[in-house]
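Colleague: My structure is below; once you've seen it, I'll send some questions.
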Amino acid sequence: MLKFRKTIIIPIGKRKQKAEESHIAPKVPEGMWSKCPRCGQILYTEDRKQAYDICQKCGYYVRMGAYDRIAMVADAGSFEEWDKMLPDKNPLGLKGYEKKRAEIRKSSGLSEAVVTGKAFLYKEPCVLVVCDAHFMMASMGYTVGEKITRAVERAIKEKLPVLLFACSGGARMQEGMVSLMQMAKTSAALKKHSDAGLFSMVVLTDPTMGGVMASFAMLGDVILGEPKALAGFAGPRVIKQTIGQTLPEGFQRTEFLLERGFIDAIVERKDMKETLFQLLCYHKEKQIAALSEKHASRSKKKHKKERRKQDKVDAWERVKRSRMQGRPTAMDYIGLLFQNFFELHGDRAAGDDKAVVGGIAYIGGVPVTVIAQQKGKNTKENIERNFGMPNPEGYRKALRLMKQAEKFHRPVICFVDTPGAFCGIQAEERGQGEAIARSLFEMSSFTVPILTILIGEGGSGGALALAVANEVWMLENATYSILSPEGFASILWKDSSRAKEAAHIMKITADDLIKFGIIEKIIPEEGSIMEISAYLKQEISEFIEKYSRIEPQKLADMRYKRFRRM
């Protein structure tokens, strides 16, 4: 018996519809993919997050949400959020403002443009303040200002450092003058935090503009920046519309700010947690490491023996040795004497002078501030370092770091190696004399131990500006003089060729100056730089141990009396 299959006839229109439905792509879960704002590359969201929200193709730093950023730097599960919901304000009674905030709150998952709370970084406690551009471009209104102020006040009460990730388009226009007042309120809170001797750190992220840049974003003890983040007071569009100027490429980026001395360093996201942790550790309560008296005694005996071995060298030979190409520079000594040196940049006003290097480091477990005049080892480096001749920005950077050391009770170690302060036209225009005078003025009253070591040339006021110290030491081939022997001969005898004769008359060697009481110690240069540094490290550690036992105000009095005797 034959069986026939039942034939179903489908109308042509429906056949077409069925064919189209069979080619419809499966629905992609929302948020699985995103597009890079710069290059347009389609990014798999999970891969992007694993790469710290950085485009794998062009390196663009995608703007991070507050909670993602907290997860990046805080120990897992350690974040305790504060003041999540505060009452909203609409001081201008602006129609639609409440509705707009409610919509953004729903779409962003944020209650406001800043998230605050307590967290731990590798078990170190801190207060986190994180701005988020996904909420009204992180503009600062009443609630943002109030949350930041409350967080800082609580940090004061609990004696905690504040880590602040800044991001904002500026003041919130919808709240008028109430928004503007948050600049003063947040700044005043940070001043109280600073006066309490507590540490604050700011990270500038893209963008940080307007009233935020002109308040809490620029008030950290240390200010870092993410690469190529836009940061400035008036934005490019505002400048163009107001005064008709088009900004050059790279203007107001963090690299520009670093070059101009406004921030300390640029840190990539992959290094952010480690960097923040390192800086937190530097600013913990100071600890003085125990030193071995036996080892110290042995070092001193060896030193005396080496000093007896030294041949008598005339003053002009000392001058030539102090200037010798290839002589160890300050950075050479810093690398051998200290651990975990973290360089801080800029004077916060005009520039970052590369003739002066400064930062924080450890020696024997003790955090110290290190400041040094740095020459280059070849022509290219010397041009970059201006042959070790500081501009006013260099002295102002040094003074800024000394004041920071004073606040956090850190000893200051200075290395001097300069022909003298730079005497160019621009240096005079920017106040070279005032910068040196201010350094002498302020250093005289600091209540932390200050040690200065002359490692090469010590030229005039340019050297003295880093040498108002409790003790001044010299390497045996260093010099310390009112000006160069050539200049001395030119002024006194109108003949610079008599420089050798001048060097002898000027009494500028370590042997001369220890007799005058202008220096306290001569460091022998017998052996390699490793041997010199090993001896020097022991001596510095003993200096810190000795002077850290003295009451702060007495340290300043001792420094005053030291110079008063001269």
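The numbers here are math on the coordinates, done by the rules we state, and not lab data. Predicted model only: the values in this text are computed from it and were never measured. Because the Cβ atoms are built from the backbone with ideal geometry, glycine has one as well, and the counts that use them run over all protein chains shown.
Colleague: So I have (i) 23.3, 72; (ii) 25.5, 86; (iii) 30.5, 136, and one of them is Rg and Dmax of the Cα atoms in Å calculated from this model. Which one is it?
Modeller: (iii)
Colleague: Using unit Cβ charges (K, R positive; D, E negative) and no other charged atoms, how large, in debye to the nearest 20, is the dipole of the range 64-282 about its Cα centre?
Modeller: Computed about the Cα centre, the dipole is about 680 debye.
Colleague: Ok, one more. Pull out a ≥ b ≥ c, the square roots of the eigenvalues of the alpha-carbon gyration tensor of the range 415-566, then state rounded if a/c is under 1.5, prolate if not and a/b is larger than b/c, and oblate in the remaining case.
Modeller: oblate
Colleague: So if a site counts as exposed when it's one of the GluC sites (Glu not before Pro), its DSSP state isn't H, G, I, E or B, and it has at most 13 other Cβ atoms within 10 Å, what's the longest stretch of the chain without one?
Modeller: It runs 286-566.
Colleague: Another question about this same structure. What relative contact order, as a whole-number percentage, does the range 64-282 give when Cα pairs under 8 Å and 6 or more residues apart are counted?
Modeller: Dividing the mean separation by the residue count of the range 64-282 yields 16 percent.
Colleague: Hey, another quick one. Rounded if a/c is under 1.5, else prolate if a/b beats b/c, else oblate: with a ≥ b ≥ c from the C-alpha gyration tensor eigenvalues square-rooted, which is the range 186-244? Working shown, then result.
Modeller: On the way: a/c = 4.54, a/b = 1.92, b/c = 2.37.
Judged from the Cα gyration tensor, the range 186-244 comes out oblate (a/c at least 1.5, b/c at or above a/b).
Colleague: Now a separate question. With the cut-off at 1.5 for a/c, could you classify the range 64-282 from its C-alpha gyration tensor as rounded, prolate or oblate?
Modeller: oblate
Colleague: With everything on Cα atoms, drop me the angle between helix 176-195 and the longest principal axis of the chain, reported from 0 to 90° to the nearest 10.
Modeller: That works out to roughly 40 degrees.
Colleague: Roughly what % of DSSP beta bridges within the chain run antiparallel, to the nearest 5? List each step's numbers first, then the result.
Modeller: On the way: 28 of 67 bridges.
In the chain, approximately 40 percent of DSSP beta bridges are antiparallel ones.
Colleague: Continuing with this model, one more query. Just to compare against my own numbers: the Cα pair-distance distribution for the range 143-250, 10 Å bins, whole % per bin, please.
Modeller: 15, 43, 30, 10, 2
Colleague: State, as an integer percentage, the relative contact order of the chain based on alpha-carbon contacts under 8 Å between residues 6 or more apart.
Modeller: Contact order relative to length: 8 percent.
Colleague: Then there's this: Among the listed pairs 95/191; 380/521; 397/521; 375/500; 147/240; 147/407, which have their C-alpha atoms separated by more than 29 angstrom in this model?
Modeller: Result: 95/191; 380/521; 147/240 exceed 29 Å.
Colleague: Shifting gears a bit: Residues with amide H under 5 Å of residue 168's amide H, sequence separation 5 or more or different chain, H placed in the peptide plane at 1.01 Å from N; which?
Modeller: Under 5 Å from the amide H of residue 168 lie the amide H atoms of 208, 209, each far enough along the sequence or on another chain.
Colleague: Further, regarding this structure: Along the range 146-155, what does the Karplus equation 6.51 cos²θ - 1.76 cosθ + 1.60 (θ = phi - 60°) give for ³J(HN,Hα), rounded to whole Hz, x for Gly and Pro?
Modeller: With the stated coefficients, the range 146-155 comes to 5, 5, 5, 5, 4, 5, 5, 4, 5, 4 Hz.
Colleague: Specify the angular offset, from 0 to 90 degrees and rounded to the nearest 10, of the alpha carbon long axis of helix 392-407 from the longest principal axis of the alpha carbons in the chain.
Modeller: 80
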